[in-house]
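Q: Here it is, the structure in full.
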Amino acid sequence: MGQASGEPTAKFFTGGSPEATDWSPYEWDDPIHGHQVIGETAVIRDGGTMGTHVAGFWRSGPGLPGCGPDGSCRMPYSAAHGDETIVVLEGEATITVTATGRQHYLTRGSILCHPKNVDLVWDITSPSFKRFTALWDSAKEATAMHDVIIGNIDDNPETWTTYQWDEPAEGPQVAGELYFVRATGSTGTLLTGIWRCGPGVAGSEADGSLSVPYTSPLGDETELILEGRVHVRDSDTGEEREFGPGDVIGVCAGHHVTWSALTPVKKLWVITHERLPTG
């Protein structure tokens, strides 16, 4: 996924799996591998309040640029445009870390945190492959990483952390629980993990639903809904939308919405901020 403008196209973003007409060849200049055109991309979120915050989908398959007749493809990629958070939605692939030769097998549900400038080779063997990608970069150098982080949307650590924060207008909030997949970025602040609500989970009703005011106080946020149904109301415009599995929700830092889980919900979240981490 290439560079975005860094300027928000709106305060509130939404999307899902785009129609075919929204896809375009994925073309970029890689400082290690040169000009590349492989697969197709569809950008859902282009911009945030700071840095580069862009999210969408990438796919490969028969007849797509750089792919074989059977849909397979080989893609060298060094994430030169920023840190990427990836969830495999369909298909299978093996990635090889160039510096170490270490390989990781990815399939549906795999999470890959790909730090900026870590060179990989993707070998996609399935007839079709699709992934969600969120990219982040800023001008402030933070923590350089030299290897990838691998997880899965079905990971279930023994300890989840209750999600608590202060809303400027409404005060302390408690909603659901989470765990971190990645807690540092190559630039600025990058946080990503899994969040859930449901029966017996902090802040949830008996049926697993919940509703909270939310201004994404930690930074621009992009969410990939994994399970359940979500309703979001934009407090400025009154716009209301409902989302389900595979949909993307994005809120810019400081923008007020009412975020409601209509059912038990599980989501992947990515939060970014240009300021450097503290502590």
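Q: Can you name the residue in the stretch 264-279 that is open to solvent by 40 Å² or more (accessible area, probe 1.4 Å) and touching a Lys or Arg at 6+ places or on another chain (Cβ under 7 Å) and, of all such residues, is modelled with the highest pLDDT? Walk me through it before giving the result.
A: Pass one, the stretch 264-279, residues open to solvent by 40 Å² or more (accessible area, probe 1.4 Å): 264, 274-279.
Filter again for touching a Lys or Arg at 6+ places or on another chain (Cβ under 7 Å), leaving 274, 276.
Working: Glu274: 93, Leu276: 90.
The extreme case among them is Glu274.
Q: Could you tell me whether Ile124 is out of contact with any helix residue (DSSP H, G or I) (no Cβ under 6 Å at 6 or more places or on another chain), open to solvent by less than 40 Å² (accessible area, probe 1.4 Å) and either hydrophobic (A, V, I, L, M, F, W, C) or within 26 Å of Arg275 (Cβ to Cβ) (or both)? Full working, then the answer.
A: Working: out of contact with any helix residue (DSSP H, G or I) (no Cβ under 6 Å at 6 or more places or on another chain): yes; open to solvent by less than 40 Å² (accessible area, probe 1.4 Å): yes; either hydrophobic (A, V, I, L, M, F, W, C) or within 26 Å of Arg275 (Cβ to Cβ) (or both): yes.
Yes, satisfied.
Q: If you don't mind, another one. What strands (runs of 3 or more DSSP E) completely inside the stretch 120-206 contain at least 1 residues that are touching a residue at least 40 places away in the same chain (Cβ under 8 Å) and farther than 30 Å from Pro62 by Cβ?
A: Numbers: elements: 120-124, 129-137, 149-152, 161-167, 171-182, 189-197.
Qualifying strands (runs of 3 or more DSSP E): 129-137, 161-167, 171-182, 189-197.
Q: Now a separate question. Which of the residues that make up the stretch 65-76 are buried (at least 19 other Cβ atoms within 10 Å of the Cβ) and part of a strand (DSSP E or B)?
A: Cys73, Met75, listed by residue number.
Q: Out of Ile32, Ile38, Ile86, I need the residue that is among the β-branched types (Val, Ile, Thr) and free of Cβ contacts under 8 Å to residues at least 40 places away in the same chain. Which one?
A: Exactly one of Ile32, Ile38, Ile86 is among the β-branched types (Val, Ile, Thr) and free of Cβ contacts under 8 Å to residues at least 40 places away in the same chain, namely Ile38.
Q: Continuing with the same structure: Tally up the residues in the stretch 231-263 that are modelled with pLDDT of 95 or more and surrounded by 17 or more Cβ atoms within 10 Å (Cβ to Cβ), please.
A: Qualifying residue count for the region: 4.
Yes or no, residue by residue, for (1) crowded, with 20+ Cβ neighbours inside 10 Å; (2) of a type outside the set (S, T, N, Q); (3) in contact with a strand residue (DSSP E or B) (Cβ under 6 Å, 6 or more places away or on another chain); (4) within 23 Å of Ala142 (Cβ to Cβ):
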| position | (1), (2), (3), (4) |
| --- | --- |
| Trp23 | no, yes, yes, no |
| Trp58 | yes, yes, yes, no |
| Ser78 | no, no, yes, yes |
| Asp83 | yes, yes, yes, yes |
| Val87 | yes, yes, yes, yes |
| Thr94 | no, no, yes, no |
| Tyr105 | no, yes, yes, no |
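Q: Thr100: outside any strand (DSSP E or B), at pLDDT below 95, open to solvent by 10 Å² or more (accessible area, probe 1.4 Å) and more than 18 Å from Val270 (Cβ to Cβ), yes or no?
A: For Thr100, the condition - outside any strand (DSSP E or B), at pLDDT below 95, open to solvent by 10 Å² or more (accessible area, probe 1.4 Å) and more than 18 Å from Val270 (Cβ to Cβ) - is not met.
Q: Only residues that are at pLDDT 65 or above and touching an Asp or Glu at 6+ places or on another chain (Cβ under 9 Å): list them for the stretch 16-29, please.
A: Trp23, Ser24, Pro25, Tyr26
This table checks each residue for (1) among the small types (Gly, Ala, Ser); (2) touching a His at 6+ places or on another chain (Cβ under 8 Å).
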{"position": "Gly91", "(1), (2)": "yes, no"}
{"position": "Ile95", "(1), (2)": "no, yes"}
{"position": "Asn117", "(1), (2)": "no, no"}
{"position": "Val121", "(1), (2)": "no, no"}
{"position": "Thr125", "(1), (2)": "no, no"}
{"position": "Ser128", "(1), (2)": "yes, no"}
{"position": "Leu135", "(1), (2)": "no, yes"}
{"position": "His146", "(1), (2)": "no, no"}
{"position": "Asp154", "(1), (2)": "no, no"}
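Q: I need a count of the residues in the stretch 146-182 that are at pLDDT below 95 and of a type in the set (A, V, I, L, M, F, W, C).
A: The qualifying residues number 1.
Q: I would also like to ask the following. Failed condition for Val232, given (1) over 21 Å from His53 (Cβ atoms); (2) in a strand (DSSP E or B); (3) not charged (D, E, K, R), with all others met?
A: Result: Val232 passes all but (1).
Q: Continuing with this model, one more query. Among the residues of the stretch 219-234, write down those that are of a type in the set (A, V, I, L, M, F, W, C) and under 15 Å from Trp195 (Cα atoms).
A: Residues satisfying the conditions are Leu224, Ile225, Leu226, Val230.
Q: Write out, first by first residue and then by second, each pair whose Cβ atoms fall under 7 Å of each other, whose residues are 6+ apart or on separate chains, and whose first residue, in the stretch 221-234, is among the small types (Gly, Ala, Ser) while the second is open to solvent by 20 Å² or more (accessible area, probe 1.4 Å).
A: Correct list of pairs: Gly228/Thr263; Gly228/Pro264; Gly228/Lys266.
The values are calculated or read from the model by the stated rules, or taken from the named source; none is laboratory data. None of the values given here were measured: they were computed from a predicted structure. A quick note on method: Cβ atoms are made from the backbone with ideal geometry, for glycine too, and the neighbour counts reach across all protein chains shown. These accessible areas exclude ligands, DNA and RNA; they are computed on the full protein's heavy atoms, side chains included. Shrake-Rupley method; radii C 1.70, N 1.55, O 1.52, S 1.80 Å.
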